[in-house]
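Take a look at the structure set out below.
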Amino acid sequence: MKFLFLTNFLSFTAVSAFSPLHPVSTRATSSSTPASTPASSTLSSALHASQLEQLSQVTTLSIDSGDLKVIEKYAATGFITDATTNPLFVSQAGLSGDPVYAKLVDDAVSFAVSSSKDNNDEDEESTVALAIDRLAVNLGAAIASIVKGYISTEVNPKLAFDTESSIARGRRIIAMYEEMGVPKERVLI
């Protein structure tokens, strides 16, 4: 199965070419160049929508974002079925100051602190790692309520050469998803 990832950092380049949801970037024009007319803008939007639809007919489209509003807009087209979240998006959500994301962060920290106390685990590093994993799951669960397909969540890339730890973290993440009502069959690690 082929996947196409639409990413936030490409939203003003590649993504805008595929969707009327992101305006086509405008460039400064000289006085001799006519400005866009509403009719040409509508035609451009229709053309872009059809390109996204055409892509969705030959591949599975997965949006790579932590921005729930952007994901909602693309999911509403019916062409985006899957989503990926990664540590960058998780940290951006945590630092955004948006009340929706602040609640996700607060829940993750509370969960990690409570779990550490319950397990008599005083190791700060493992508590922080648990909070980060839980934040990724909180964000992923919110995304899972928007898209109908897979949710992909990354384990800490520092574990790339530690197979046992990567597997343990992946299992922990899947267990947290299941606790939040997201079936493991929808989760990719």
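The values are calculated or read from the model by the stated rules, or taken from the named source; none is laboratory data. Computed from a predicted model, the values in this text were never measured in an experiment. Glycine also receives a Cβ, built like all others from the backbone with ideal geometry; neighbour counts cover every protein chain displayed. Side chains are part of the model used for accessible areas, which takes the heavy atoms of the whole protein and leaves out ligands, DNA and RNA. Shrake-Rupley method; radii C 1.70, N 1.55, O 1.52, S 1.80 Å.
A few remarks follow.
- Consider the stretch 54-69 and keep the residues that are of a type in the set (A, V, I, L, M, F, W, C) and over 9 Å from the mean Cα position of the chain (by Cα). The one that is most open to solvent (accessible area, probe 1.4 Å) is Val58.
- Some residue of the stretch 88-95 being modelled with pLDDT of 90 or more and among the polar types (S, T, N, Q): no
- Among the residues of the stretch 82-111, those identified as more than 18 Å from Val70 (Cα to Cα) and surrounded by 15 or more Cβ atoms within 10 Å (Cβ to Cβ) are Val105, Asp107, Ala108, Val109, Phe111.
- Complete set of residues in the stretch 112-122 that are exposed (fewer than 14 other Cβ atoms within 10 Å of the Cβ) and modelled with pLDDT of 85 or more: Val113, Ser114
- Answer from Ser145, Ser116, Ser152, Ser165 - the residue that is in contact (Cβ under 8 Å) with a residue 60 or more places away in the chain and either among the hydroxyl-bearing types (Ser, Thr, Tyr) or more than 26 Å from Asp67 (Cα to Cα) (or both): Ser152
- Every residue from the stretch 123-145 that is open to solvent by 40 Å² or more (accessible area, probe 1.4 Å) and at pLDDT 95 or above: Ser145
- Yes/no for Phe12 being at pLDDT below 75, in contact with a Ser or Thr (Cβ under 7 Å, 6 or more places away or on another chain) and among the aromatic types (Phe, Trp, Tyr): yes
- The criterion of at least 3 residues that are more than 19 Å from the chain's Cα centre (by Cα) is met by the following helices (runs of 4 or more DSSP H) wholly inside the stretch 73-174: 99-118, 124-144.
- Taken over the stretch 175-189, the criterion of being assigned to a helix (DSSP H, G or I) and either more than 16 Å from Asn86 (Cβ to Cβ) or in contact (Cβ under 8 Å) with a residue 60 or more places away in the chain (or both) is satisfied by Ala175, Met176, Glu178, Glu179, Lys184, Glu185, Arg186.
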